[in-house]
Amino acid sequence: MKKTQYKTFHETVYHFQLQGRLDVYLIKKPDFSKTYVTLSAPLGSIHRRYKDGEGTLHEVPAGAAHFLEHKIFERDGKDISEDFSMDEAQINAFTEHHRTTYLFSATNHVLSNVERLFKAFFFPDFTDKGVEKEKNIIAEELNMHLDDPYYEQYHRLMRNLYQNHPLREDILGTKESIGALRKEHLKAMHEAYYQPEKATCVIVGDLDAYRVKAHLTENAVLPEKTFSEPVPHFLGEPANVQKEREVAELDLLMPSVLIGVKFLPEMHMDIKSRIRERLSLSILMSLLLGKSSDVFERMMESGVINDTYGLDVAVEDTYSHVLIGTETEKPEAFEASILEALKKFPEAKITDADFRRIKNNLIGSFIHGLDSLEALAHQFTEYIQYDIVFFDVLEIAQSITKEEILSLAKRLDTSKLSRFIAMPQTKQGDV
């Protein structure tokens, strides 16, 4: 058992490896009645390849990660979430581009529910009949996604922003890929990606770490080691975008504009440098386009944007981008305002006071999240997959300088962008 105290944040983290294989982290939260647990695997929508025990490379249809998430919840034709409910726990799961996370919260029977989660996660019940039955359910879920105009806007922008990257594919896959998935595909991907050595369990609550370790060591069962291995997703993404601009009619009441700036990461960058770049890019965008910027104030005063305006920053090992969007009655004016602002990034003037304010705001939002079990668990899970403890990320943020931000502004190639303008559908009889 390794115990680490982060005195600056009054937090204590315990770490042990169950059977020398599964990393378990317990973040002690004294006087909290609820406990929040996550168990994650490094399998996301962008992962479709694996090597079997003989080293042969295989590729499965798109949507396998999400399909597998569904099947983890089924045993003997029954939804196991009912068993968690009977034991006073609420369970859920979600699939992202990079990983799949299972979670539950409970005030009682925490350790028995952890055992139950381990059993579902590591020992799924795959049957041909169950897989075929699930296809209809996932196809309906896909239809619901495609009926959401904002999801459609985001997905189509990704297809325009990237040329080859699997980020272009829907997390759920397509109707064709869902139909092509077989039990053997799911079983093989599970063996490659759901190994205890690659999974991470995070427990946040007022539990005794030594009792947790003793209980799980005695009662939890882990699978035999497999010889299958994950294979990294495609890395050959060109700098240019697939399509610079698209206008389409969607089921909206007001026009919506989403602008993506492609910012390919430097290859072979170590993980701390990549996290530093993610935080720096967040600070830069908040400074120049955030809600305290001159650009935001001008657009708000002229009615170009409303309270739906927002920014999102993504920096990963094989892709990086910034998304800027809003609903607006003046889509062309918004587009022009953002493009003009982006062109001025290389000559950005940033005061020391503004830099300190935005950086402190970023750090403050991190610290504020420490009081939320859910936020802390997911942030910890997000970074621990890179062998970085979340509290160390705060130290990285504190050390970022204004000079780094200005250098990043000069690196940002604002010509590598794509815009998707979603317009309300023209109804019959409209003039």
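Odds and ends about this structure:
- Condition check for Leu373: under 30 Å from Glu249 (Cα atoms), of a type in the set (A, V, I, L, M, F, W, C), modelled with pLDDT of 90 or more and not assigned by TED's automatic domain parsing to the domain that holds Leu39: no
- Contact annotation: no residue pair with Cβ atoms under 7 Å, 6 or more positions apart or on different chains, pairs a residue in the range 128-145 that is over 15 Å from Leu181 (Cα atoms) and of a type in the set (Phe, Trp, Tyr) with a partner that is surrounded by 12 or more Cβ atoms within 10 Å (Cβ to Cβ) and at pLDDT below 90.
- Failed condition for Leu142, given (1) farther than 24 Å from Leu222 by Cβ; (2) aliphatic (A, V, I, L, M); (3) modelled with pLDDT of 95 or more: (3)
Residue-by-condition table, conditions (1) among the polar types (S, T, N, Q); (2) part of a loop (DSSP other than H, G, I, E, B); (3) buried (at least 16 other Cβ atoms within 10 Å of the Cβ):
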{"position": "Leu103", "(1), (2), (3)": "no, no, yes"}
{"position": "Asp125", "(1), (2), (3)": "no, yes, no"}
{"position": "Ile138", "(1), (2), (3)": "no, no, yes"}
{"position": "Glu141", "(1), (2), (3)": "no, no, no"}
{"position": "Leu167", "(1), (2), (3)": "no, no, yes"}
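- Subset of the range 64-87 that is charged (D, E, K, R) and free of Cβ contacts under 8 Å to residues at least 40 places away in the same chain - its residue that is surrounded by the most Cβ atoms within 10 Å (Cβ to Cβ): Glu69
- The range 88-111 residues that are modelled with pLDDT of 95 or more, paired with ones that are of a type in the set (Lys, Arg) (beta carbon under 6 Å, 6 or more apart): Ser105/Lys34
- Residue ID - nearest to Thr101 (Cα to Cα), chosen from residues in the range 375-402 that are touching a residue at least 12 places away in the same chain (Cβ under 8 Å) and β-branched (Val, Ile, Thr): Thr381
- Any hit, the range 323-337, residues being in the same structural domain as Ile405 (by TED's automatic domain parsing), surrounded by 20 or more Cβ atoms within 10 Å (Cβ to Cβ) and closer than 26 Å to Gly44 by Cβ: yes
The values are calculated or read from the model by the stated rules, or taken from the named source; none is laboratory data. As the structure is a computational prediction, the values presented were derived from the model and not from experiment. FYI the Cβ positions are ideal-geometry reconstructions off the backbone, even for glycines, and counts take in every protein chain you see.
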